[in-house]
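Chemist: Mind looking over this structure? Questions follow.
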Amino acid sequence: MKKLILVTVLSFFATSAYSYRLNSVAESGARWAEYPVSMTLNPYNSGISAAETQRAIDNAIASWNEGIEVEVFQIGSIDRSLSSSEGMNPDAVNAMVFSTNFTADTGFDVDTTVAVGGQYGDGNRMSSGFVIFNAQKVGWGTDAEKCAAKYSYCDDIETIALHELGHVLGLGHSEQKNAVMSASRTYKVTRDLMQDDIDGGKYLVIYSGAAGGSAGYNSEDSSGGSSGGGCGTITGNNSGNGSSSGTGASLAMMLLPLLALGVLRNRVALLTNR
């Protein structure tokens, strides 16, 4: 069983020419060994049809693939039995799951957290990634103008998947306020990568990663185990009334890292906050 070392620092990539950051796992030198990173998707608890959910996630994946000009992600399989608990296990599959038991599965507050995403790594390579959507309190959709009346807060699957997949890739939060990987959102729905997002992805995948012909890993693993890095996206003011707009009274915010990492049943329960 791997030891889990809890790391929450997001560091700048060294040059001022770029605004993107790497997350703690990527900053340690870890990269995905090969691409595409194959995600196992369970779309069945999103609150909308599985087909519509998959289309939104396919769109987010296509944005990263087209932007970086390398197939960095794919949906490898659909697994209705995949749980978010299993998805956050560092020894399990790369998972995208809609959790109906969100706090127990992730350690985040179900009333304020929209989604968490990130990956595990050991200082040499990234081992498994995850995106866990809060399907307990958040209404999910693909139309920004519609939201089920029972939800006080709703969000856009493609927007959140686009950001969280950036964390799975190894990106932290950009200093560019309009970037998908920014720590805050200028707009509720953002479905297009900015140049800073693409630059960060290309650095990880092409210039220092497997697609560039060099793995870019540290020669020694000083961590002695598996660490987790990622992001938890939180809502803004949740005073919306579940009307057709489904946006609540303010846009969702993605905060800077919280020191809230903890181990639940031998897995990392937190990541860093978006």
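Chemist: Non-local amide H neighbours of residue 72 (under 5 Å, H modeled in plane, Pro and chain starts lacking H): which ones?
Modeler: 65
Chemist: Scan around residue 184 for amide H atoms under 5 Å from its own, H built in the peptide plane at 1.01 Å from N, and keep only partners 5 or more places away or cross-chain.
Modeler: 254
Chemist: Continuing with the same structure: State to the nearest 20 debye the size of the charge dipole of segment 41-149 about its Cα centre, where the only charges are +1 on K and R beta carbons and -1 on D and E beta carbons.
Modeler: 180
Chemist: Would you mind classifying segment 46-163 by shape? Square roots of the alpha carbon gyration tensor eigenvalues, ordered a ≥ b ≥ c; an a/c under 1.5 is rounded, otherwise it is prolate if a/b is larger than b/c and oblate if not.
Modeler: Oblate shape, in that a/c is at least 1.5 and b/c is the bigger or equal ratio.
Every number here is computed from the coordinates shown, using simple stated rules; none is lab data. As the structure is a computational prediction, the values presented were derived from the model and not from experiment. Every residue, glycine among them, receives a Cβ derived from its backbone with ideal geometry; neighbour counts consider all protein chains shown.
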